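Notes to accompany the following structure.
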2 protein chains.
Amino acid sequence: MHNTTTNPVATAAAPSDSTRSDHLAGERTAETLALLKNAISPQRRVVHAGDEVYQAGASFRNLYVLNSGLFKIVNLAADGREQVVSLKFRGDWLGFDGIAQGRYSCAAVAMDTGEVWAIPYDALLNACTAHPALLTTLHSAMSREIARDRDSLMSVCTLPADARVADFLCQWAASQAQRGMRTDQIILRMTRAEIGNYLGMTLETVSRSLAKLARGNIIAFAEKGRRDVHIPDVNALAAFVQRGLAPPALMLQ
Amino acid sequence: MHNTTTNPVATAAAPSDSTRSDHLAGERTAETLALLKNAISPQRRVVHAGDEVYQAGASFRNLYVLNSGLFKIVNLAADGREQVVSLKFRGDWLGFDGIAQGRYSCAAVAMDTGEVWAIPYDALLNACTAHPALLTTLHSAMSREIARDRDSLMSVCTLPADARVADFLCQWAASQAQRGMRTDQIILRMTRAEIGNYLGMTLETVSRSLAKLARGNIIAFAEKGRRDVHIPDVNALAAFVQRGLAPPALMLQ
DNA sequence: CGTTCGATTGAGGAAGATCAATTAATGTGG
DNA sequence: CCACATTAATTGATCTTCCTCAATCGAACG
């Protein structure tokens with residue numbers, strides 16, 4: 001039952017019609033990038049791990065589209081609390097939170113080498129009149145972000161720690177699937193502390209949860225480096241998320 | 001130090017420039033409603049507690065703007081988990097989550113008698129070409145929702161239960177202040193279970209946290225009905241949120 | 001090759017969940 | 001308007017999960 005192939009495309013359609021929607025989503029990303037490149041030649045910027053494309057409180061001017069790499073979005077409270085609220089992958093937009101207040105409420109921090117395209121907001125609005133598809137794309141991206149943030153909240157509120165970590169990996173795998181990348185391997189470019197912050201638990205709990213998943217052969221670590229995770233069967237991972245809910249079941253502790 | 005006046009306007013600007021922004025925000029709501037009424041005569045619909053303006057999974061056609069009343073937005077997972085992810089007040093928009101997928105991912109449930117305006121999405125897009133201000137308004141509303149959802153996530157992830165309940169009341173009071181309503185009284189039109197669901201804790205914990213706040217005279221209950229909460233001093237409530245963070249301090253247990 | 005940072009693992013404690021019983025509020029039919 | 005039924009809220013007594021503290025181990029880097 002374990003799927004150990006390295007098929008780069010989504011290997012398993014879990015509950016619903018994810019295969020088809022994955023394809024559509026994959027095309028969506030490419031189309032978005034092409035459309036933007038066409039309508040407003042965006043300014044490209046190469047970033048490296050640790051770079052901040054914008055800081056919390058900086059005045060808003062640009063949206064950004066992530067062409068490659070990985071970003072974390074960090075919310076900053078007045079009292080200094082920091083919270084990773086979102087992770088961004090290729091094709092995702094950054095900076096929507098700045099529109100309303102005229103300044104970003106979060107920081108966007110690169111977690112890897114990558115490239116972002118800066119999209120001046122006013123230029124975008126102008127371009128939208130000429131290319132109506134652009135407006136649809138923009139709204140879809142904002143809508144998706146809203147839906148996604150709500151899923152995060154639900155995960156934090158309803159899942160126990162183990163299941164939450166499993167769900168986190170699931171979501172990451174799904175993000176990769178949507179982009180036509182392999183779902184059987186995830187390279188976590190973040191520390192246990194960052195993961196824990198994002199999921200609302202301590203780094204020790206993250207470590208223990210990952211260890212438990214590995215013990216149950218639901219995930220496996222690469223020989224070297226505890227940051228690249230192999231997922232032999234995404235469905236098994238999704239099933240584990242469910243298991244954490246109803247019956248305590250007979251799971252190897 | 002306690003502020004027991006019934007001044008209907010925001011009584012105290014807590015950390016930042018909230019007085020000015022509250023005024024701006026209050027005008028914003030009125031302007032939005034006027035603008036919409038003007039540009040697209042929206043269909044009005046009266047709702048009563050329990051009514052669902054749209055269900056999770058229903059096909060998306062309309063956005064809605066809340067003219068009066070109170071709504072909860074309930075996210076529904078495939079496995080049946082339900083999660084209150086947001087509360088909506090006068091002037092708030094509902095249904096953004098439906099744009100991307102063509103169907104709503106959440107349900108919008110009235111918690112009180114009220115009125116919503118249905119805004120057909122395509123009609124809105126058309127109207128936006130004629131009234132550019134409408135587009136700005138729309139984007140601001142979506143942006144604000146994104147920022148707000150992130151604040152919720154941060155609250156759940158970083159605050160202990162007591163402080164989370166206090167923060168919840170603070171946010172509610174701030175919402176009322178933005179709309180020019182009194183901040184010294186909140187009528188919770190939801191059960192402890194609903195609050196607990198929203199905040200990621202059990203109803204018993206909500207009850208105990210409220211009791212603790214009342215014992216410390218940070219809030220008070222009306223003679224009858226444990227659902228209307230008096231807040232003598234919003235700053236004291238905000239201070240309590242902070243206190244839950246650094247030092248255990250000397251607070252009456 | 002030592003230093004540093006990240007990850008793992010264990011032991012103990014505390015916050016909050018669960019279970020259970022009691023006490024309000026609210027609503028209903030007589 | 002009252003007795004009763006029903007749902008919501010409170011409060012207490014455990015119990016579990018997860019956090020905290022601490023030690024060890026591993027990997028990366030100068």
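The values are calculated or read from the model by the stated rules, or taken from the named source; none is laboratory data. Keep in mind that this is a model prediction, so the values were computed, not measured. FYI the Cβ positions are ideal-geometry reconstructions off the backbone, even for glycines, and counts take in every protein chain you see.
The residues on offer are A:Phe71, A:Phe96, A:Phe89, and the sole one that is more than 13 Å from every other protein chain (Cβ to nearest Cβ) and surrounded by 21 or more Cβ atoms within 10 Å (Cβ to Cβ) is A:Phe71. With respect to A:Ala133, determine if the residue is in contact with a Lys or Arg (Cβ under 9 Å, 6 or more places away or on another chain) and either on the phi < 0 side of the Ramachandran plot or more than 13 Å from chain B (Cβ to nearest Cβ) (or both). The answer is no for A:Ala133. Filter segment B:225-248 for residues that are within 22 Å of B:Met181 (Cα to Cα) and more than 14 Å from chain A (Cβ to nearest Cβ) and give the result. Scanning segment B:225-248 gives B:Gly225, B:Arg226, B:Arg227, B:Asp228, B:Val229, B:His230, B:Ile231, B:Pro232, B:Asp233, B:Val234, B:Ala236, B:Leu237. Listed by first and then second residue, the pairs linking a residue in segment A:202-214 that is under 18 Å from A:Val156 (Cβ atoms) and of a type outside the set (A, V, I, L, M, F, W, C) to a residue that is near DNA strand D (Cβ under 10 Å from one of its atoms) and not in a helix (DSSP H, G or I), with Cβ atoms under 9 Å apart and 6 or more places separating them unless they lie on different chains, are A:Ser209/A:Met201. Residues of segment B:156-171 being part of a helix (DSSP H, G or I) and either within 15 Å of DNA strand D (Cβ to nearest atom) or not assigned by TED's automatic domain parsing to the domain that holds B:Thr29 (or both), which ones? Answer for segment B:156-171, where residues must be part of a helix (DSSP H, G or I) and either within 15 Å of DNA strand D (Cβ to nearest atom) or not assigned by TED's automatic domain parsing to the domain that holds B:Thr29 (or both): B:Val156, B:Cys157, B:Thr158, B:Ala161, B:Asp162, B:Ala163, B:Arg164, B:Val165, B:Ala166, B:Phe168, B:Leu169. Restricting B:Ser207, B:Ser152 to those that are under 27 Å from A:Ala100 (Cβ atoms) and of a type in the set (Ser, Thr, Tyr) reduces the list to B:Ser152. If you check B:Met201, B:Met181, B:Met190 for being more than 16 Å from DNA strand D (Cβ to nearest atom), part of a loop (DSSP other than H, G, I, E, B) and of a type in the set (A, V, I, L, M), only one passes: B:Met181. Whenever a residue of segment A:134-145 is in the same structural domain as A:Leu33 (by TED's automatic domain parsing), its partners that are small (Gly, Ala, Ser), lying with C-beta atoms within less than 6 angstrom and at least six residues away or across chains, give the pairs A:Leu134/A:Ala39; A:Leu134/A:Ala127; A:Ser140/B:Ala100; A:Ser143/B:Ala100; A:Arg144/B:Ala100. Inside segment B:154-205, can you point out the residues that are among the β-branched types (Val, Ile, Thr) and within 12 Å of DNA strand C (Cβ to nearest atom)? Those that are among the β-branched types (Val, Ile, Thr) and within 12 Å of DNA strand C (Cβ to nearest atom): B:Val156, B:Thr158, B:Val165, B:Ile187, B:Thr191, B:Ile195, B:Thr202, B:Thr205. Comparison of A:Ala211, A:Ala220, A:Ala193 shows that the only residue that is farther than 27 Å from B:Ser105 by Cα, more than 8 Å from chain B (Cβ to nearest Cβ), touching a Pro at 6+ places or on another chain (Cβ under 8 Å) and surrounded by fewer than 20 Cβ atoms within 10 Å (Cβ to Cβ) is A:Ala220.
Kindly evaluate A:Gln55 against the criterion of being modelled with pLDDT of 90 or more, surrounded by 14 or more Cβ atoms within 10 Å (Cβ to Cβ) and not aromatic (Phe, Trp, Tyr). Here the answer is yes, as A:Gln55 does meet what is asked.
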